[in-house]
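In what follows, a single structure is set out as structure tokens and then discussed.
The values are calculated or read from the model by the stated rules, or taken from the named source; none is laboratory data. Because the structure is predicted, anything quoted here is derived from the model rather than measured. When we count neighbours, we look across all protein chains shown, and the Cβ atoms used for this are built from the backbone with ideal geometry, even at glycine.
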Amino acid sequence: MFQILNEEGKVVNEAAMPELSDEQLQEMMRRMVYTRIWDQRAISLNRQGRLGFYAPVSGQEASMLGSQYALDKEDWILPGYRDMPQMVFHGFPLYKAFLYSRGHYEGGRFPEGVNVLMPQIIIGAQIVQTAGVALGLKRKGKKNVAITYTGDGGASQGDFYEGMNFAGAFQAPAIFVVQNNRFAISVPVEKQSAAKTIAQKAVAAGIEGIQVDGMDILAVYAATSQARERAINEGVPTLIETMCYRYGPHTMAGDDPTRYRTSDLDDEWEKKDPLVRFRKFLEGKDLWTEDMENEMVDKAKEDIKEAIKQADAAPKQKVTDLIEFMYEELPHNLQEQMEEYKAKESK
């Protein structure tokens, strides 16, 4: 497993240290603190009935944000439903992320220049799509990559193998990130596959594969940066398996992790918390203070408050909106439905 920082925040792989400025290191910490606060607030909002579908992310911040930080703005992200942090830090407005959770159509409208596709609900479907987007980038002569994310459960889907095989065969600039948080909802990774790692599955597709400490943001950043360069300069896609852990449930839709995870396992991974680890590293370099952290916490809370206010101000969604968005010219049967619902909504 590729690692740069151990659990105590000590550098154990000096040769692999990425060249990052002090400001860049601090920015990575800011983003992780911001995301942890956002996650806590989103869980609370969900319980209040003010958000709809939500998949908690605490514990996976280093995996998500370390990989996104290695990207260029012109690179494309094809996320799964848990990957909202990468989307937001790639330019997707936070209030739209909340509208997406509520199922509002504005949550699916992406601003011009934000190279992100809709979060995929179908497990693994984004992997095949990523191979296609990457091939499109190659054919257009773009020096960019398409990156996608799934969990260990996604690595058991047929789309996982098809997407990697396609990208390998066509030398498409794709990066496939499998965030191995050990449980595909409730099924342990050991029961999903007899393979010792998910990363080794890259061999059959003829692409690069690497297993990374997903609680170590520097290791994730370095592995993704190398994968990006390899994809663009050599036409070699990469499968990155990040070993991580989600501290909360699979989603807020009724999952109870105590039914399939032990408290001992939770305690073991709490000691590997990516925020604690990176905080120790930065404090050792005199790059992080309690005041800096509190400032970021306050900013996150204020941003979330404003984003919820914007989401609440969005126009109420109507059936006629959904019908109208579907086609440029409505077919006869939908025209009839449009008139029917217009009449109902005018009352």
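Observations on the structure shown:
- Residue in segment 162-203 that is surrounded by the fewest Cβ atoms within 10 Å (Cβ to Cβ), counting only those that are of a type in the set (F, W, Y) and under 22 Å from the mean Cα position of the chain (by Cα): F183
- In the set F110, F98, only one residue is in contact with a Phe, Trp or Tyr (Cβ under 9 Å, 6 or more places away or on another chain), among the aromatic types (F, W, Y) and modelled with pLDDT of 95 or more; that residue is F110.
- Selection count, segment 133-165, where residues are touching a Leu at 6+ places or on another chain (Cβ under 8 Å) and hydrophobic (A, V, I, L, M, F, W, C): 5
- Selected residue [more than 25 Å from M84 (Cα to Cα), basic (K, R) and more than 25 Å from the chain's Cα centre (by Cα)] from K285, K316: K285
- Y161 touching a residue at least 24 places away in the same chain (Cβ under 8 Å) and farther than 17 Å from V128 by Cβ: no
- Subset of segment 130-168 [under 16 Å from L239 (Cβ atoms) and polar (S, T, N, Q)]: T130, T148, T150, S156, Q157, N165
- The residue pairs whose first member lies in segment 13-34 and is on the phi > 0 side of the Ramachandran plot, whose second member is part of a helix (DSSP H, G or I), and whose beta carbons are closer than 8 Å, counting only pairs six or more residues apart or on different chains, do not exist in this structure.
- The residue that is nearest to the chain's Cα centre (by Cα), counting only those in segment 102-120 that are part of a helix (DSSP H, G or I) and surrounded by fewer than 19 Cβ atoms within 10 Å (Cβ to Cβ), is G108.
- Selected residue (criterion: surrounded by the fewest Cβ atoms within 10 Å (Cβ to Cβ)) from residues of segment 237-277 that are within 22 Å of the chain's Cα centre (by Cα) and of a type in the set (A, V, I, L, M): A253
- The number of residues in segment 204-225 being buried (at least 19 other Cβ atoms within 10 Å of the Cβ) and farther than 30 Å from I43 by Cβ comes to 6.
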